[in-house]
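J.: Structure below; questions to follow.
Computed from the coordinates by the stated procedures, all read-outs in this text should not be read as laboratory data. Predicted, not measured: the structure shown is a model, and the values here were computed from it. Virtual Cβ from ideal backbone geometry, glycine too; neighbours counted across all protein chains shown.
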Amino acid sequence: MLSVKGLKANVGDKEILKGLDLEIGPGEVHAIMGPNGSGKSTFAHVLSGREGYEVTEGSVIFEGRDLLELEPEERAHLGLFLAFQYPVELPGVNNTYFLKAALNSIRKSRGETELDAISFLRLMKEKLKVLHLDDSLLKRPVNFGFSGGEKKRNEIFQMALLEPKLAILDETDSGLDIDALRIVADGVNALRSPERSMIVVTHYQRLLDYIQPDYVHVLARGRIIRSGGKDLALELEKRGYGWITGEEEAA
Amino acid sequence: MSGGEFDRWLGPRSEDGLAGLDWLETKRAAARSQVRDQGIPTTKQEAWRYTSVKRLMEQGFVPADEPITALEPEDIEEVLIPGVVSHRVVLVNGRFLPGLSELGELPPGVRIGGLQQILKSDPDALRDRVNGVAGDDQSLFAALNTAGMDDGLVILLDRGAVLTQPVELIHLSVGMDEPRVAQPRHIVSLDDGAQATLIERYLSLGESLYCTNSVMEISVGRDGVLKHQRIQDESPYAFHITGLYLSLGQGSRYAGVNVGLGGAWARTDCRVRFAGEHAECDLQGLYLAGDRQLLDYHLDVDHRLPQCTSRENFKGILYGKGRAVFDGRVYVAKDAQKTDAAMSNRNLLLSDGAEVDTKPQLEINADDVKCSHGTTVGQLEPEMLFYLRSRGINAPLARRMLCLGFAGEILDVLEPEPLRERVADQVGQRLEQAPLA
């Protein structure tokens, strides 16, 4: 489904990713862990097509397509979804209108008919139920004035609605207390399926108590330096990153 | 050069429907000499610093004195908004057309009609009202309007009269072989306690070249309430000049929304005077300007009396080589204690070639007041665009959504809902056609 080979990327003059390799199959959940500045978020952003990153080497093939050649919206059309670490506030843009525009853009790109207002509302209700969310966020402008937890829930709701093939969760746990974290993690778990793969980017093992990965990778200095099962995360929690990166990490 | 260069706007005319009223003739004669005595506005004058009248002068407009009689109700069907139920007044090239208007039933104490029509039945009805708010000492375009007026909308509400349906003025312009200028004078007068809503729409039939130089005098009596929504959505070749003069009585409330979308060259001067304490004036505005468009707004809010409130909130979206000017002045006199005034002008520039000159000014001479002003000129946030695009929304639609979000604060004030939807659609359409660089 996703094949990353020898990926190198710069931010400005600085090389952040220094030859990253990763293979992800359908339905797999991969956690990418690593100390601050290791390139975790850069990797997530490069996959989603954000500006400001220059890929200098390597390839990313997603569903048989060269992902790096595509515009951000085309990546979304193919089934890629990034849950933002810091969801962006869009004052004046109604959340329901936004969700409908997004879903219909994706449907249109696949040659499917666009949903009318009534079918869309029906679908939204259904998804809210699956995630045990209420509809209070839908009437407000996108993320505008949302609490940290509301923003993350809104991300997961978008994911439920857009039904991506590959979801990248970028530090979804950051800024969440334990209750909010549980709600978000429950949402993510409800969306796990044999067709949907996920990349869970996180600094802490905590999130992985709730979202159990099939694989754990440790990213340091722009490369994956170790891969393993979910036990690896537990070991990292116990021993810190210094154990494998060979550096002392400030707590 | 003198203002006399604009003499052509005043005639000769083939007919004058307002001839024979001595009081009016006196005002017109005085205005004619003011036109002659004034110079052409130049960019050396503060009020015209960013706006040249050269393009306006080059057109050689002559009076729109040919009555347009060929229009049938079917011809204006598409400009009507289904769901807007109103007392409808249609002016074509500045002239009231009863055949296209639909005043419906008016409650007691309410008179609505054309300026000529009202004066024919009651020659003295407007003796004190023409120039009653605008004053006799006028700047060039107001004086041209006074000298050249021949029709317009008149709304007169007696004490305590309440209109539940809005009055809708549809001002249509049709291009003629020779470019024409129409100079309607609108009089809106609400006596004490009267309440009304006015929707003013300036539209063109076809892509016509013409000029409208209108003056609207509004007086709201003690505790009166006027809601005023003004939509200018004219042809890309239209020239549009508006003088909006407001006199607000004690405890009265005026809520105005000014939306400017069309026209090649449009100038709006809005002057607010409080005639009593505890009056409230709310001025909201939205303007969109693209290639070959200049939209120029001047607000002059004069707090001479204590305890009055004013809000000035204008937002602009500029694209292509579009230009806009916002010149807002709030003056607070020494004795105008407890004045509450807030002025804001925010602009979104979608291209490098677009330009806005914004100049909010606050002049405060009293010490116990609450006043603020602010202005911003910015671009769409790349972060916001990326967020939308990452959800599958293509870049042009993402831009449009963000612009509509920016404009939403003003659009949401419009009512009834079908009017808001129509204007939002028009804003969306213009943004869709907007070049991205």
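J.: Check which residues have an amide H placed less than 5 Å from B:E102's amide H, if you skip close sequence neighbours.
T.: B:R88, B:V89, B:V90
J.: Take the alpha-carbon centre of the stretch A:121-161, take the same for the stretch A:54-79, and report the distance between them in whole Å.
T.: A separation of 27 Å, based on Cα centres.
J.: How many angstrom lie between the Cα centre of the stretch B:194-256 and the Cα centre of the stretch B:302-334?
T.: Centre-to-centre (Cα) distance: 16 Å.
J.: I would also like to ask the following. Please get the size of the charge dipole for the stretch B:3-276, origin at its Cα centre, with Cβ charges of +1 on Lys and Arg and -1 on Asp and Glu, quoted in debye to the nearest 20.
T.: 1040
J.: Within chain A, which is the longest segment that contains none of the GluC sites (Glu not before Pro) sitting in a DSSP loop with at most 16 other Cβ atoms within 10 Å?
T.: Answer - A:115-194.
J.: Near B:K334, which lysines are there with a Cα under 17 Å away, not counting those fewer than 8 places off in the same chain?
T.: B:K370
J.: Something else now. Which of the trypsin sites (Lys or Arg not before Pro) found in the stretch B:1-54 are in a DSSP loop and have at most 12 neighbouring Cβ atoms, other than their own, within 10 Å?
T.: B:K44
J.: While we're here: Once you compute Rg and the Kirkwood Rh from C-alpha atoms, what is the Rg to Rh ratio for chain B?
T.: 0.95
J.: While we're looking at this one, here's another question. Taking N as the number of residues in the protein assembly as shown, what is its alpha-carbon radius of gyration divided by 2.2 N^0.38 Å?
T.: 1.18
J.: Provide the net charge surrounding A:G58, with neighbours chosen by a C-beta distance below 15 Å and charges set as Lys +1, Arg +1, Asp -1, Glu -1.
T.: Summing Lys and Arg as +1 and Asp and Glu as -1 gives -3.
J.: Another question, then. Which trypsin sites (Lys or Arg not before Pro) from the stretch B:109-188 combine a DSSP loop assignment with at most 14 other Cβ atoms within 10 Å?
T.: Here the sparse-neighbourhood loop sites are B:R159.
J.: Quote the relative contact order of chain A in percent (integer), defining contacts as alpha-carbon pairs under 8 Å separated by 6+ residues.
T.: 28
J.: Just report the Cα centroid separation between the stretch B:6-42 and the stretch B:48-67, whole Å.
T.: For the stretch B:6-42 versus the stretch B:48-67, the Cα centre distance is 16 Å.
J.: While we're on this one: If you take the charge dipole of the stretch B:3-276 about its Cα centre, with +1 on Lys and Arg Cβ and -1 on Asp and Glu Cβ, which of B:V272, B:Q229, B:T197 is farthest toward its positive end?
T.: In the stretch B:3-276, that residue is B:V272.
J.: Magnitude of the Cβ-charge dipole of chain A, K/R +1 and D/E -1, about the Cα centre, nearest 20 debye?
T.: 400
J.: Would you mind calculating the gained length between A:N10 and A:I118 on full extension (0.36 nm times residue separation, minus the Cα-Cα distance), in nm to one decimal?
T.: 34.3 nm
J.: Where both residues lie in the stretch A:2-245, what percent of DSSP beta bridges are antiparallel, nearest 5?
T.: 55
J.: Toward the positive end of the charge dipole of the protein assembly as shown, about the Cα centre and with charges on Cβ (Lys, Arg +1; Asp, Glu -1), which of A:I224, B:M216, A:H132 goes farthest?
T.: Farthest towards the positive end: A:I224.
J.: Per DSSP helix of 4 or more residues, -39500 (n - 2.57); summed, then divided by the residues of the protein assembly as shown. What does that give at 222 nm, rounded to the nearest 500?
T.: Theoretical 222 nm ellipticity from helices: -7500 deg cm²/dmol.
J.: Given the pairs B:K120/B:K227; A:K8/A:K165; A:K8/B:K321, which span a C-alpha to C-alpha distance of over 31 angstrom in this model?
T.: In this structure, A:K8/B:K321 exceed 31 Å between Cα atoms.
J.: Just need the relative contact order of the stretch B:3-276 here, percent rounded to a whole number, with Cα pairs under 8 Å and 6+ apart.
T.: Worked out over the stretch B:3-276, it gives 16 percent.
J.: Then there's this: Give me the dipole magnitude in Debye, nearest 20, for the protein assembly as shown about the Cα centre, with unit charges on the beta carbon: positive for Lys and Arg, negative for Asp and Glu.
T.: It works out to roughly 1040 debye.
J.: Return the Cα extents of the stretch B:1-136 along principal axes one, two and three, sorted largest first, each rounded to a whole Å.
T.: So the extents along the principal axes, rounded to whole Å, are 49, 36, 31.
J.: Still on this structure, please answer the following. Taking beta carbons within 10 Å but only from partner chains, what does the mean come to for residues A:158-165?
T.: 1
J.: Next question, about the same structure. Looking at chain A, I'd like the Rg to Rh ratio, where Rg is from alpha-carbon atoms and Rh is Kirkwood's inverse mean 1/r.
T.: Ratio of gyration radius to Kirkwood radius: 0.96.
J.: Mind checking which lysines have their Cα closer than 29 Å to the Cα of A:K14? Skip sequence neighbours fewer than 8 apart in that chain.
T.: Straight-line reach from A:K14, under 29 Å: A:K5, A:K40.
J.: Based on DSSP, what percent of beta bridges with both residues in the stretch B:3-276 are antiparallel, to the nearest 5?
T.: About 10 percent, rounded to the nearest 5.
J.: Can you check how the C-alpha radius of gyration of the stretch B:279-437 compares to 2.2 N^0.38 Å, as a plain ratio?
T.: This ratio for the stretch B:279-437 stands at 1.17.
J.: Given an 8 Å cut-off on Cα distances and at least 6 residues of separation, report the relative contact order of the stretch B:1-159 as a percent.
T.: RCO, the stretch B:1-159: 32 percent.
J.: Between beta-carbons, use under 11 Å as the cut-off and find the net charge around A:V93, counting Lys and Arg +1, Asp and Glu -1.
T.: With Lys, Arg at +1 and Asp, Glu at -1, the net is +1.
J.: Of the options B:M149, B:T242, B:V181, report the single residue whose Cα projects farthest towards the positive end of the charge dipole of chain B (beta-carbon charges: Lys, Arg +1; Asp, Glu -1).
T.: It is B:T242.
J.: Let me ask you something else. Could you work out the mean count of beta carbons from other protein chains within 10 Å of each residue's beta carbon in A:91-104?
T.: 5
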